[in-house]
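Written out below as structure tokens is the structure these notes cover.
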């Protein structure tokens, strides 16, 4: 069963903030998979390589 997760917060690349407030939503079975999906999406939308070190330090929330 998939849940809807949302993220709104900073995006870090090698410990440097590259986006102060990025927001997105994704469907996933777990919070860990949702985080992975969101990182992949950010890389894809912004032209980063697959191996780029992108981190989402904010909280990923389940949308009720």
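Read the figures in this text as sums done on the coordinates, not as results from a lab. The structure presented is a predicted model; accordingly, all values stated were derived computationally and were not measured. We place every Cβ from the backbone using ideal geometry, glycine too, and count neighbours over all the protein chains shown.
Residue-wise test of (1) under 18 Å from residue 64 (Cβ atoms); (2) free of Cβ contacts under 8 Å to residues at least 24 places away in the same chain; (3) surrounded by 15 or more Cβ atoms within 10 Å (Cβ to Cβ).
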| position | (1), (2), (3) |
| --- | --- |
| 4 | yes, no, no |
| 8 | yes, no, no |
| 14 | no, no, no |
| 17 | no, yes, no |
| 23 | yes, yes, no |
| 27 | yes, no, no |
| 32 | no, yes, no |
| 38 | no, no, yes |
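Which residues, taken from segment 30-58, are under 10 Å from residue 5 (Cβ atoms) and either assigned to a strand (DSSP E or B) or more than 8 Å from the chain's Cα centre (by Cα) (or both)? Residues satisfying the conditions are 30, 31, 33. Inspection of segment 42-49 finds no residue satisfying the criterion of being closer than 16 Å to residue 63 by Cα, surrounded by 11 or more Cβ atoms within 10 Å (Cβ to Cβ) and without any contact (Cβ under 8 Å) to a residue 40 or more places away in the chain.
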